Amino acid sequence: MELYTHRKDELGDLATSITLLSQDLERLKNERNEFLGSISHELRTPLTYMKGYTDIISRKEISTTDRNRYIKIIQEETEHLADLIKNLFELAKIDHNEFAITKERVVFSAFIETVLARIRPALNEKKIELFFHCPDNLVVMADPERIQQVILNILDNAIKYTPEKGHITMEVIQNKNEILTTISDTGEGIPEEDIPFIFDRLYRSEKSRSRVSGGSGLGLTIAKEIVELHGGEIGVESTLGKGTVFVISLKKENVNE
């Protein structure tokens, strides 16, 4: 059907609007198909590993050492699959405006220490040293479960990409209007061309941390949503070969209300 987009009257404006709407719908359709294709791949990969290694460990001739190694891989892929499914449910809540946060008073230093305790085994396994600095008396208004989700996701990324005997630094500072949490690592860094897309759903750059983290690339997308629901911002800076810095900014609120 011919649309008169070349006209300079109301009919031309209407034709232009219809054309733009059609283009938007086509783009959304393509994005949906790409997303579904990516999800299918992410679901299929761990299932393939799990089936393959399950078949192997059922063989009588396999050694105990190899059997234990394959069992560990199956456990890791099971966790990967569980995380992916959880993140898909979270995204569904976001898309249907059902992703809520409940703010409460949080003593931030003590809260972060409990979060860090969860990743100590992973740090110890790679001999990574973590430095943490936060004012002892800092109280913030936040949803502790959701903020923990954000911090764990970023720290998991940092551990994954920091070499053995590297270090990670987490620093919390406050100024008049905001609370800044900075998480930096000495990892491999992110290619400059990937940085603008790092929080996109299932961004598929071969070197992008958003693709590799957790195997799905959804964790950073959800982290961004959580921070923005708190009225804050999250950003990233990185130098390839030197490391990455994530910065979370939360607005200061009256904690006495």
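Tell me the net charge near THR181. Cut-off is 12 Å between Cβ atoms, THR181 excluded, with +1 for each Lys or Arg and -1 for each Asp or Glu.
Surrounding charge for THR181 is -3.
Grab the Cα-Cα distance for ILE56 and HIS167, subtract it from 0.36 nm times how many residues apart they are, and report the gain in nm with one decimal.
36.2 nm
From the convex hull of the Cα coordinates of segment 104-251, what is the mean projected area in square nanometres?
About 8.2 nm², averaged over all directions.
Points 7 angstrom from Cα along the Cβ direction at GLU26 and GLN75: gap in nanometres?
5.1
Given the convex hull of the Cα atoms of segment 68-151, what is a quarter of its surface area in nm²?
Average projection, Cα convex hull of segment 68-151: 7.3 nm².
Which pairs break 19 Å Cα to Cα here: LYS103/LYS252; LYS51/LYS126; LYS103/LYS224?
LYS51/LYS126
How high is the relative contact order of segment 108-195, given as a whole-number percent (alpha carbon pairs under 8 Å, six or more residues apart)?
Once divided by the residue count of segment 108-195, the mean separation gives 30 percent.
No value in this document is a laboratory result; all are computed from the given coordinates. From a predicted model like this one, the values you see are computed outputs, not experimental measurements. Ideal geometry is used to build each Cβ from the backbone, glycine not excepted, and the neighbour counts take in all protein chains shown.
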